[in-house]
Amino acid sequence: MRGVNPRTFYRLTLGGSIAGFIYLWWVRTSTTGLLVCPINSITGYPCPSCGTTRTILQILSSDPIQSSLFNPLAYIVLMGMMVLPVWSILDLIRKKISLYSVVSNGEKLLQNQPVLRWALLSIMAIIWMWLILQNQNQG
Amino acid sequence: MNKENQQRVNLYMMANNKYFQPHQLHIISQKLKEGDEDLMYRLMSLPMKDPVLLLVISLLAGVFGVDRFVVGDVGLGIAKLLTCGGLGIWTIVDWFLIMGRAKDVNFEQVLQIL
């Protein structure tokens, strides 16, 4: 991440992870249910991350293997939510910036290799199309 | 540097000051005046990201992380997309940050040839 110093990066990562957990806890305990994605309510089509909350909650509360695949990208988000805070705290304890370096080099790699960029974006587009088709079959 | 070139530099700065942060303008102007005409033409050939256009993109499609993709932060863009605009919060935050980011990206690009 160009232009972001390590301190801000770690604050954002930890803050974001904590916010994510609070959000999950809030959704689980609240009776009003999920905040619906604005795109979904306006257009009726799911955005690429639709169903992430539901999928994660189901993975955490029941058998992950049998969880129905609402959204495969949710696994990435879940892994991120588990790995990022732990890695950040480890870095802070050891006074290193390994996570920051990995992310920076990753961003640089994406900058310099258009093929990687397009590959990633295509994968996301394909998953999005699959999501839309799935929703159409059910709805 | 002769007067004609200095005028040219001033004209360039006036026409392009929206692409950079205020504190960066001085640096660019200095470097241009120290360099030759060639340098300025090379600068003019660089593609710049328009901060105002990015603000519009952020307002309209910020939830998808499109604004971040356009400024070149692909990793951040994907993270934004995966979290539905950071639960909406990141979307709103970027409405305020994206113009500054565009300007910084332009400046970084310019620094590479100055």
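The table below gives the values:
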read-out	value
Sorted by Cβ neighbour density within 10 Å, fewest at the top, the residues B:41, A:100	B:41, A:100
Per-pair calculated FRET efficiency, R0 = 30 Å: residue B:15 and residue A:5 via Cβ, rounded to 0.05	0.40
Cross-link reach list, lysines versus residue B:80, counting only Cα pairs under 21 Å and skipping chain neighbours closer than eight places	A:108, B:49, B:103
Where only alpha carbons of the stretch B:51-111 are counted, the Rg and the Dmax (Å)	10.7, 35
Residue-wise HN-Hα coupling along the stretch B:104-111, computed from phi with Karplus coefficients 6.51, -1.76, 1.60 (Hz; x: Gly, Pro)	5, 5, 4, 5, 4, 5, 5, 4
Per-residue Cβ neighbour rank within 10 angstrom, fewest leading, B:38, B:94	B:38, B:94
Shielding of B:69-75 by partner chains, average beta-carbon count, 10 Å	5
Label-point gap, in nm, between residue A:125 and residue B:5 - each point 7 angstrom along Cα→Cβ	4.6 nm
FRET E, pair residue A:105, residue B:37, Förster distance 41 Å, beta-carbon r, rounded to 0.05	0.65
For chain B, built as a Gaussian network whose Cα springs stay under 10 Å, the top-fluctuating residue of B:43, B:54, B:76	B:76
Virtual paramagnetic centre 7 Å along Cα→Cβ of residue B:95, amide N under 20 Å, in the stretch B:54-74	B:54-71
With Cα atoms, 0 to 90° folded angle of helix B:3-16 axis to chain B main axis	10 degrees
Peptide B:84-97 - average C-beta neighbours from other chains (10 Å radius)	3
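Only the coordinates and a few stated rules stand behind these numbers; no lab work does. These numbers come from a predicted model, not from an experiment. Ideal geometry is used to build each Cβ from the backbone, glycine not excepted, and the neighbour counts take in all protein chains shown.
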